[in-house]
Amino acid sequence: MTSILATFADGRTIAIDDLPPAFYSADPELRKADMDVFKEVTYGKPILMGRVTWDTLKRKPLKDRGHHYIYSRTLVGNEGDNISYVSDDFVPPDDAVCIGGGLLYKKFIPLCDEVYLNMFHFKEPLFFHDKKVTKLYVDDLLCDFDLTGYDCFSCDSGCIEFLKFSHKKF
């Protein structure tokens, strides 16, 4: 597999009620900056995602992407021309991009050449007393990777850091 793309909010949060942090940003500039990187990394490539991530897309394929592989322990087979349900023994194509969730990040990071992390930093803290918060700690998983790219977008409501890691060549 070529790459993983993950979006975090402060505190390593990758989802709030199964929705990515960009969904909770009231600032359209922050959302657009995140989506621009998402499109750049995934355009024309096969996409691998978990079933919950697939559900957040309302089970519709992303436009201008390659085949969609949905990881599921209960569903296996094809759903249309561009969608396949896959399970534990699946080996993704070399140019696939894994877009989540947390279990797939952990499973496939050893197979990756590149990891893209988009890190939201909101000026106002996010409070989710009644929501399900999913966190992912990747620091230990990135020990075989070097930071090879950095960019930042700032606006009134916060900023996003765009980090690119490449697998170390031993």
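The values are calculated or read from the model by the stated rules, or taken from the named source; none is laboratory data. This structure is a prediction, so every number in the text was calculated from the model and none was measured. As a convention, Cβ positions derive from the backbone with ideal geometry for all residues, glycine included, and neighbour counts pool all protein chains shown. These accessible areas exclude ligands, DNA and RNA; they are computed on the full protein's heavy atoms, side chains included. Shrake-Rupley method; radii C 1.70, N 1.55, O 1.52, S 1.80 Å.
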Name the single residue that is most open to solvent (accessible area, probe 1.4 Å) among those in segment 27-62 being more than 15 Å from the chain's Cα centre (by Cα) and within 22 Å of residue 162 (Cβ to Cβ).
32
Matching residues in segment 4-45 - criterion: being among the aromatic types (Phe, Trp, Tyr) and closer than 23 Å to residue 145 by Cβ:
8, 38, 43
Those residues that are open to solvent by 20 Å² or more (accessible area, probe 1.4 Å), among the hydrophobic types (A, V, I, L, M, F, W, C), in contact with a helix residue (DSSP H, G or I) (Cβ under 8 Å, 6 or more places away or on another chain) and in a strand (DSSP E or B), I need them from segment 98-121; list them, please.
none
Restricting attention to segment 5-52, which residues are in a loop (DSSP other than H, G, I, E, B) and under 17 Å from residue 112 (Cβ atoms)?
45, 46
Residue in segment 71-84 that is surrounded by fewer than 17 Cβ atoms within 10 Å (Cβ to Cβ), at pLDDT 85 or above and farther than 21 Å from residue 15 by Cα present:
no
Scanning segment 5-18 for residues that are under 11 Å from the mean Cα position of the chain (by Cα) and closer than 19 Å to residue 32 by Cβ, which turns out modelled with the highest pLDDT?
5
Yes/no for residue 162 being closer than 20 Å to residue 40 by Cα, modelled with pLDDT of 90 or more and either open to solvent by less than 40 Å² (accessible area, probe 1.4 Å) or outside any strand (DSSP E or B) (or both):
yes
With 146, 94 as the choices, which residue is modelled with pLDDT of 85 or more, out of contact with any Gly (no Cβ under 8 Å at 6 or more places or on another chain) and either closer than 26 Å to residue 27 by Cα or not in a strand (DSSP E or B) (or both)?
94
